[in-house]
1. Has the stretch 15-28 got at least one residue that is farther than 12 Å from Met95 by Cα and surrounded by 12 or more Cβ atoms within 10 Å (Cβ to Cβ)?
2. Before we move on, is Met95 more than 13 Å from the chain's Cα centre (by Cα), closer than 21 Å to Cys11 by Cβ and touching a residue at least 12 places away in the same chain (Cβ under 8 Å)?
3. Every residue in the stretch 85-115 that is among the aliphatic types (A, V, I, L, M), part of a helix (DSSP H, G or I) and touching an Asp or Glu at 6+ places or on another chain (Cβ under 8 Å), please.
4. Please specify each residue of the stretch 57-79 satisfying the condition of being over 27 Å from Ser24 (Cα atoms) and within 12 Å of the chain's Cα centre (by Cα).
5. Looking at the stretch 84-105 only, could you name the residues that are surrounded by fewer than 15 Cβ atoms within 10 Å (Cβ to Cβ) and polar (S, T, N, Q)?
6. Test of understanding: among Met15, Met76, which residue is touching a Phe, Trp or Tyr at 6+ places or on another chain (Cβ under 9 Å) and modelled with pLDDT of 90 or more?
7. How many residues does the stretch 2-55 contain that are on the phi > 0 side of the Ramachandran plot and among the aliphatic types (A, V, I, L, M)?
Amino acid sequence: MISQTDTLEECYEYMLSFAARGLSAEPGSQRDGEVRGYLSRAVDALRSLGPACADLITEAGLQPAATYKAFFDVLMDDANRAATAIDIVLVQAIMTPQLLDNLNACMHLRALLTDLFLVTEILKPHESPVTQ
């Protein structure tokens, strides 16, 4: 699940940078290939989240398992919606800064990233309090 989260964060940050530069990516250009590469890797990461979530419950021994499964079901709904939003961007002939800026602002993508950040925080090992 960590690799999927990293891939999605990299894509999000790349899109922010791309949109901020204000350059379009003409079809077939190197820039176009780069943008589409980030977006395609993000979709692949989104589609592999389901098994990663199921494995995480078992491997980390998360309890109560039903509560975690219910949350991961919500996360997968958000992942599927975000993948659909990315898919519609990928079929566009020209990648414009406005298009990617709007994808970044898409509530489905933001909800998913927030879900993933929540899981990351939940899974962080807790430091023991300092004894004084």
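1. As a first pass, look at the stretch 15-28 and keep what is farther than 12 Å from Met95 by Cα: 16-17, 20-21.
Next, from what is left, pick out any that are surrounded by 12 or more Cβ atoms within 10 Å (Cβ to Cβ): 16.
Yes, that holds for at least one residue.
2. Details: more than 13 Å from the chain's Cα centre (by Cα): yes; closer than 21 Å to Cys11 by Cβ: yes; touching a residue at least 12 places away in the same chain (Cβ under 8 Å): yes.
Yes.
3. Taking the stretch 85-115 and keeping what is among the aliphatic types (A, V, I, L, M), we get 85-86, 88-91, 93-95, 99-100, 103, 105, 107, 109, 111-113.
Add one more test, that the residue is part of a helix (DSSP H, G or I), and what stays is 85-86, 88-90, 99-100, 103, 105, 107, 109, 111-113.
Correct list: Ala111, Leu112, Leu113.
4. As a first pass, look at the stretch 57-79 and keep what is over 27 Å from Ser24 (Cα atoms): 57-78.
Answer for the stretch 57-79, where residues must be over 27 Å from Ser24 (Cα atoms) and within 12 Å of the chain's Cα centre (by Cα): Leu75, Met76, Asp78.
5. Thr84, Gln92, Gln98, Asn102 - these are the residues of the stretch 84-105 that are surrounded by fewer than 15 Cβ atoms within 10 Å (Cβ to Cβ) and polar (S, T, N, Q).
6. Values: Met76 fails: touching a Phe, Trp or Tyr at 6+ places or on another chain (Cβ under 9 Å).
Answer to the check: Met15.
7. Here is the first cut: in the stretch 2-55, the residues on the phi > 0 side of the Ramachandran plot are 22, 28.
Of the ones still in play, those that are also among the aliphatic types (A, V, I, L, M) are none.
Result for the stretch 2-55: 0.
The values are calculated or read from the model by the stated rules, or taken from the named source; none is laboratory data. From a predicted model like this one, the values you see are computed outputs, not experimental measurements. Glycine gets a Cβ as well: all are built from the backbone with ideal geometry, and neighbour counts include every protein chain shown.
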